[in-house]
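The values are calculated or read from the model by the stated rules, or taken from the named source; none is laboratory data. Small disclaimer: the values here were computed from a predicted structure and weren't measured. Cβ placement follows ideal geometry from the backbone for every residue including glycine, while neighbour counts extend to all protein chains displayed.
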Amino acid sequence: MTPQMQQSIQLLQMNSMDLETLIRDEMMENPFLEVGDEEENLHTESPDEAGEAAAELQVSDDQPAGLSDETSKAAEAEATVEDTEAFEDFRNSEYSSSSTGGAEADGAEEHSDPSSLSEGSEDFQHMADTDANWNEEFADSDTASYVNPSGDEEEHDFTTYTSAKEGLYDSLMRQLRLSILAGKNYEIGEFIVGSLDNDGYLDSTLSNQALIMGYPQELIVPDDAGPVEKVDESLRRLLAKLHGGENPDAFVGMKRKELVLRITADFLKSTYDDVASMKREEQLVRLIARRMKRPYDELAELSPNDLMLETIAFRTRSTPDAVFDVLEIIQEFEPTGVGARDLAECLRLQCEEKEIRNRVLYEVLDNHLEDLQQKRFKEIARALNVAEEAVMEVFNILSKLDPKPGSSTTKDRPQYIQPDVFVKKIDGKYLYFLNEGDSARLKVASNYRRLMLSKAERKEAAAVAQGNSAENAATSNGASANGAAAGGTWEEVAGPSAAAIMQMDQAYASEKFKNAVWLIRNIEKRKSTILRVTEAIMEYQKEFLDKGIEHLRPLTLRDIAERVSMHESTIARVTTKKYVETPRGIFELKFFFSSGLETDDGEAASSRSIKELLTQMIEAEEKKRPLSDQKIADVLRQKGFQIARRTVAKYREQLKILPAKLRKEVK
């Protein structure tokens, strides 16, 4: 693809906020780009200005507004040639009146000094008309002096400024510096604080311990290491390195599971079959043991919490007892419960801080926490030989504690949403408006445009400079002064090297000018494509706009691609990270694409509308007797939706709604 095509695809994938950032960055690098004032856009353009703008920004009618994959290279090359010719024609027409040769050049030299012009002459009047009064030009600009603000200017009150919220790591490090820990113990404390997750836990899972030992994330948790293609490529490179620098392409046919097993076998100096027969937990413990140079059987006997102490001790070159002592001090920090290695330890720390004395509670934390989470009160009461009411009391106590103490102080970066398209209902019709921002006022800077010379003028200037080089060399003594007094051109005075430098400047200006025109053109194409796709989606989902989410229709990328005559990949780029503001709220464009379920009348219903009905049913259910998945499926079938119980369970899990047994309210 050409650079212009690549830029067009890049712009299409951006939302309005990303586009504003790109425009600001481009304006910093390209002097030919500027954002016009809003008042300038209100004035009607003259015919000449309109013609110039059309020459700069006209989009070929032969090119589709979308970015379909079928765009041919020949068409792109033809468009590039047309752009170059239009670019040259535009500059020639712009500067045809400023020729540097013949009698006009002599006249320019003759009156180059404004002080030599007589008042009343045509040249003097021309200078008076074109000379700028800089005091008037910058009358409305900000003053550089420091003066007291006027009465109508807004004064800032220091009470409106607040300090940044302290994160969990910053809070714990502040408390660590104020603690009694010093020397090696302080280093251990730093390591522990840096190893806590956002919820405040010291994750003691075997996978996290393997990561702490330095094994790559792609090997230990490949599903969380990033995009599938990049993770598999990293695994192939790692395997090739372990095999003595082989070509990674030799392992392209291997699946991810096989790559992980082969790399693990190489680390353990074992065979592929032996590693494949191991459970994942055994593989991880063996990896940790090999890095520690410890026997596997010795570490396999430890619990995950005790193994975590061994892991941190190895990394900090200390002992497990020293790590445990430091961990106990950190577990006394605020918020209570941080530094716990699992949920049971986190709840125990909070109960001890509140001085709760309940034998059944601590027995439940030690041995029956999972049963308590599943609300198996009778089984727990039978195992502990206590009344069921005592177990329910423990449940009520623990339900008031914070299972994620670190989340209350974790700084979450706010995600701002700025709609890219607005849908307004005016006089019974839906109209569509694009959020253009600065892109609507982006233009080619006229002041830099006027400094450019045409291609013919550049050749003529170079020829004049080369022809006069001998004469300039013969009259070198005082040539600069005489040339300046006579009003000679800069190239004639400075010689061939100056002409070469000027050509370099012209090449730079020409490139920046073309880049500016291409950027504005691609932005216009982006606007057209987004509007077309959004209009097609909204017309298809008109019942949603009129009646609500329950009437959302199933929709696929292919449906919209056929409506607007674009490729599915283009539709995918348009709907990624783009938001539309409708009378029903703000939604991502991808929200309107969903699979369908068959109804009794033969039509299809969107899965999103089914999920909305499911959510409403669960919110309205009786908390003491919540609806089961089968009951929800029966109710939906009565409403005409052909849905199975397992489909209800899948939708419920996608909505992160607990099963009926766990939703039951206990008093």
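Yes or no: segment 501-521 includes at least one residue that is at pLDDT 85 or above, aromatic (Phe, Trp, Tyr) and within 28 Å of the chain's Cα centre (by Cα).
Checking segment 501-521: at least one residue is at pLDDT 85 or above, aromatic (Phe, Trp, Tyr) and within 28 Å of the chain's Cα centre (by Cα).
I'm checking my understanding of the structure. Among residues of segment 164-215 that are over 31 Å from the mean Cα position of the chain (by Cα) and within 21 Å of ASP402 (Cα to Cα), which one is surrounded by the fewest Cβ atoms within 10 Å (Cβ to Cβ)?
Only one residue tops the list, namely GLN175.
In segment 556-573, what residues are without any contact (Cβ under 8 Å) to a residue 12 or more places away in the chain and either closer than 10 Å to ILE537 by Cα or not basic (Lys, Arg) (or both)?
ALA561, GLU562, GLU568
Table: residues versus (1) of a type in the set (A, V, I, L, M, F, W, C); (2) outside the structural domain of TYR215 (by TED's automatic domain parsing); (3) over 16 Å from GLY200 (Cβ atoms).
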{"residue": "ILE312", "(1), (2), (3)": "yes, no, yes"}
{"residue": "THR319", "(1), (2), (3)": "no, no, yes"}
{"residue": "ALA322", "(1), (2), (3)": "yes, no, yes"}
{"residue": "GLU328", "(1), (2), (3)": "no, no, no"}
{"residue": "GLN331", "(1), (2), (3)": "no, no, no"}
{"residue": "ARG357", "(1), (2), (3)": "no, yes, yes"}
{"residue": "GLU363", "(1), (2), (3)": "no, yes, yes"}
{"residue": "GLU370", "(1), (2), (3)": "no, yes, yes"}
{"residue": "GLN373", "(1), (2), (3)": "no, yes, yes"}
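Are there any pairs, at least 6 apart or on different chains, whose C-beta atoms fall under 7 Å, with the first in segment 4-31 and acidic (Asp, Glu) and the second outside any helix (DSSP H, G or I), and if so, which?
GLU26/LEU33
Rundown of residues vs (1) under 20 Å from LEU259 (Cα atoms); (2) part of a helix (DSSP H, G or I); (3) outside the structural domain of THR264 (by TED's automatic domain parsing), yes/no style:
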| position | (1), (2), (3) |
| --- | --- |
| LEU172 | no, yes, no |
| ILE180 | no, no, no |
| ILE188 | no, yes, no |
| GLY194 | no, yes, no |
| SER204 | no, no, no |
| LEU211 | yes, yes, no |
| ASP223 | yes, yes, no |
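Exactly one condition in (1) assigned to a loop (DSSP other than H, G, I, E, B); (2) closer than 30 Å to ASN435 by Cβ; (3) among the aliphatic types (A, V, I, L, M) is false for VAL423; which is it?
So the condition that VAL423 fails would be (1).
For ARG357, indicate whether it is loosely packed, with under 15 Cβ neighbours inside 10 Å and not in a helix (DSSP H, G or I).
The answer is yes for ARG357.
Quick one: would you say LEU309 is under 15 Å from SER195 (Cα atoms) and in a helix (DSSP H, G or I)?
Answer is yes for this residue.
Conditions (1) surrounded by fewer than 15 Cβ atoms within 10 Å (Cβ to Cβ); (2) β-branched (Val, Ile, Thr); (3) at pLDDT 85 or above; (4) not in a helix (DSSP H, G or I), marked per residue:
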residue	(1), (2), (3), (4)
GLU535	no, no, yes, no
MET538	no, no, yes, no
LEU545	no, no, yes, no
GLU550	no, no, no, no
ARG553	no, no, no, yes
ARG558	yes, no, yes, no
ALA561	no, no, yes, no
ARG573	no, no, yes, no
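If you scan segment 322-357, which residues turn out to be over 24 Å from LEU178 (Cβ atoms) and among the aliphatic types (A, V, I, L, M)?
LEU343, ALA344, LEU347, ILE356
Can you list the helices (runs of 4 or more DSSP H) found entirely within segment 239-303 that contain at least 1 residues being closer than 18 Å to SER204 by Cα?
The qualifying helices (runs of 4 or more DSSP H) are 280-292, 296-300.
Take segment 250-296 and flag every residue that is modelled with pLDDT under 90 and either at positive phi or touching a helix residue (DSSP H, G or I) at 6+ places or on another chain (Cβ under 8 Å) (or both).
Scanning segment 250-296 gives ALA250, PHE251, VAL252, MET254, ARG256.
Residues are listed down the side, and each one gets a yes or a no for (1) of a type in the set (Lys, Arg); (2) closer than 22 Å to SER408 by Cβ:
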position: GLU310; (1), (2): no, no
position: PRO320; (1), (2): no, no
position: PHE333; (1), (2): no, yes
position: GLY339; (1), (2): no, yes
position: ARG348; (1), (2): yes, yes
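Report whether or not ARG532 is of a type outside the set (A, V, I, L, M) and closer than 28 Å to ARG441 by Cα.
For ARG532, the condition - of a type outside the set (A, V, I, L, M) and closer than 28 Å to ARG441 by Cα - is met.
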